[in-house]
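Below: one structure, written as structure tokens.
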Amino acid sequence: MKLHDFATSLVSKNHFIKASFGGFQGAGKSRTATEFIIGTYKDLKCTKPILIIDNEKGSRFLIPIFKKAGIEAIAKDTTNLSDLHEAFNFLRNKEIDFL
């Protein structure tokens, strides 16, 4: 048996990515996630806004980074689980490209 008969090229079948960034306060989790999102957003040729769920109201420093990258970023300041569920609905309905 030949290799190409056994396996196929590795290709993306969807645009779903689940990523987690851990660390102590001030370690750079938000900045690292932002750089990851910008690179992936451009690589996947996304065009819709990204939605940031902000439970600490600390995402404002990301405004110029997303602006410079030409990505519309919107935020929801909340600690309510129902808001997170609603955010997933926006993602599921393809109203946003990243959550």
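The values are calculated or read from the model by the stated rules, or taken from the named source; none is laboratory data. Since the structure is predicted, the reported quantities are computational estimates derived from the model, not experimental observations. Here the Cβ is made from the backbone with ideal geometry for all residues, glycine too, and neighbour counts use every protein chain on show. Surface areas here come from the heavy atoms of the whole protein model, side chains and all, with no ligands, DNA or RNA. Shrake-Rupley method; radii C 1.70, N 1.55, O 1.52, S 1.80 Å.
Return one whole number: the accessible area per residue of the chain in Å², for a 1.4 Å probe. Write down the numbers at each step before the final one.
On the way: 8070 Å² over 99 residues.
Computed with neighbouring chains in place, this is 81 Å² per residue.
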Handout entry: Rounded to 10°, Cα long-axis angle of helix 29-43 versus longest principal axis of the chain
Key = 50 degrees
Exercise for the section: State whether the chain is rounded, prolate or oblate according to the following rule on the C-alpha gyration tensor (a ≥ b ≥ c being the square roots of its eigenvalues): a/c under 1.5 gives rounded; otherwise a/b larger than b/c gives prolate, and the remaining case gives oblate. Expected result: prolate
Practice task
Give the accessible area for Thr47 in Å² (nearest 10); use a 1.4 Å probe, count only protein heavy atoms, and leave out ligands, DNA and RNA.
Solution key: 120 Å²
Practice task
Take the chain, connect every pair of alpha-carbon atoms lying under 10 Å apart with a spring to form a Gaussian network, then pick out the residue of Gly58, Gly26, Gly70 with the largest mean-square fluctuation.
Solution key: Gly26
Exercise for the section: Name the aspartates and glutamates eligible as straight-distance cross-link partners of Lys76: C-alpha to C-alpha under 19 Å, and not fewer than 8 places from it in the same chain. Expected result: Asp54, Glu56, Glu86, Glu95, Asp97
Fill in the blank from the handout: Per-residue accessible area, 1.4 Å probe, largest first, puts Leu10, Leu62, Leu84 in the order Leu10, Leu84, Leu62
Practice task
Please give the helix 81-92 orientation as an angle from the longest Cα principal axis of the chain, in degrees from 0 to 90, rounded to the nearest 10.
Solution key: 40 degrees
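Please report the net charge: other residues with Cβ closer than 14 Å to the Cβ of Ser30, K and R +1, D and E -1.
On the way: positive: Lys29, Arg31, Lys57, Arg60; negative: Glu35, Asp54, Glu56.
Charge balance in the 14 Å sphere: +1.
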Handout entry: Contact order relative to length of segment 1-86, as percent, for alpha carbon pairs under 8 angstrom and 6 or more apart
Key = 25 percent
Problem - Of all accessible heavy-atom area on the chain, the percent that carbon and sulfur account for (1.4 Å) - result: 55 percent
